[in-house]
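Asker: Provided herewith is a single structure, encoded as structure tokens, for subsequent inquiry.
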Amino acid sequence: MGINGIGTAGYPAWHETKRAESSTKADFGANVKSTGNVVHIAPDALFSIYDAQTGESANVYRADDYSEENPLYLIKGTDKNGNEYEQTVDVSKVNPNSCSYTEMLALNAHTGNKSDSNFLSMAIMKDKAGTASYHEKADWLSAAYALMDDMKTLGNWDGYLRYGKWINDIMTFCKSKS
């Protein structure tokens, strides 16, 4: 399946993706094959994302002991080597200026940014940050501000406002926890 993208410098206008294969497990969402990895995209996750280039995936869930006072999220996925992983993230301790993509995804889900357009925003932000894996730390706010500048230059005001809202949501949460 082909997907048309942003088409600006650094963002390909077209990218080939692999078709999801149905699973033999009744509760399984989809298996996707890429770069030799088989990754799981879960329909019951708060947020799921998959990188066709690296073969990584992340599915974000609220942890069993989640509460507003204890905002814990469980991230399950496949790393770039094809190994499954689980990670618990306390979003009250995430610093968006220096955290991994998986930590940022948990914070993203916590602030309510789970729409289809946010899925695209997070994928583009990973490219903008230049990280090689979901577990490498980056400054996600700087990447978002740089994307806002790109959207302004392009006259893409919907994109500009989308990144502005995302930054505001993240900053509002981070200020409330300090």
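Asker: Does at least one position in region 109-132 carry a residue that is crowded, with 21+ Cβ neighbours inside 10 Å and part of a loop (DSSP other than H, G, I, E, B)?
Answerer: No, there is no match, as no residue in region 109-132 is crowded, with 21+ Cβ neighbours inside 10 Å and part of a loop (DSSP other than H, G, I, E, B).
Asker: All but one of (1) in a helix (DSSP H, G or I); (2) over 14 Å from the mean Cα position of the chain (by Cα); (3) among the aromatic types (Phe, Trp, Tyr) hold for TYR85, so report the exception by its number.
Answerer: (1)
Asker: Continuing with the same structure: All but one of (1) hydroxyl-bearing (Ser, Thr, Tyr); (2) under 25 Å from LEU46 (Cα atoms); (3) surrounded by fewer than 20 Cβ atoms within 10 Å (Cβ to Cβ) hold for THR153; state the number of the condition that does not hold.
Answerer: All conditions are met except number (2).
Asker: Which of the residues that make up region 119-157 are of a type outside the set (A, V, I, L, M, F, W, C) and free of Cβ contacts under 8 Å to residues at least 12 places away in the same chain? Working first, answer last.
Answerer: Residues of region 119-157 that are of a type outside the set (A, V, I, L, M, F, W, C), as a first pass: 121, 126-128, 130-131, 133-137, 139, 142, 145, 149-150, 152-153, 155-156.
Residues satisfying the conditions are GLY130, ASP149, LYS152, THR153, GLY155, ASN156.
Asker: In region 78-125, which residue that is of a type in the set (D, E, K, R) and modelled with pLDDT under 90 is farthest from ARG62 (Cα to Cα)?
Answerer: Start the filter on region 78-125 by keeping residues that are of a type in the set (D, E, K, R), which leaves 79-80, 84, 86, 90, 93, 103, 114, 116.
Cutting the leftovers down to modelled with pLDDT under 90 gives us 80, 114, 116.
Numbers: LYS80: 23, LYS114: 13, ASP116: 19 Å.
The selected residue is LYS80.
Asker: Could you count how many residues in region 93-108 are of a type outside the set (A, V, I, L, M, F, W, C), in contact with a Lys or Arg (Cβ under 7 Å, 6 or more places away or on another chain) and surrounded by 17 or more Cβ atoms within 10 Å (Cβ to Cβ)? Walk me through it before giving the result.
Answerer: Within region 93-108, the subset of a type outside the set (A, V, I, L, M, F, W, C) is 93, 95-98, 100-103, 108.
Filter once more, keeping what is in contact with a Lys or Arg (Cβ under 7 Å, 6 or more places away or on another chain): 98, 100-101.
Filter once more, so that each one left must be surrounded by 17 or more Cβ atoms within 10 Å (Cβ to Cβ): 100-101.
Total satisfying the criteria: 2.
The values are calculated or read from the model by the stated rules, or taken from the named source; none is laboratory data. Bear in mind that the values here come from a model prediction, so they are computed numbers and not experimental data. As a convention, Cβ positions derive from the backbone with ideal geometry for all residues, glycine included, and neighbour counts pool all protein chains shown.
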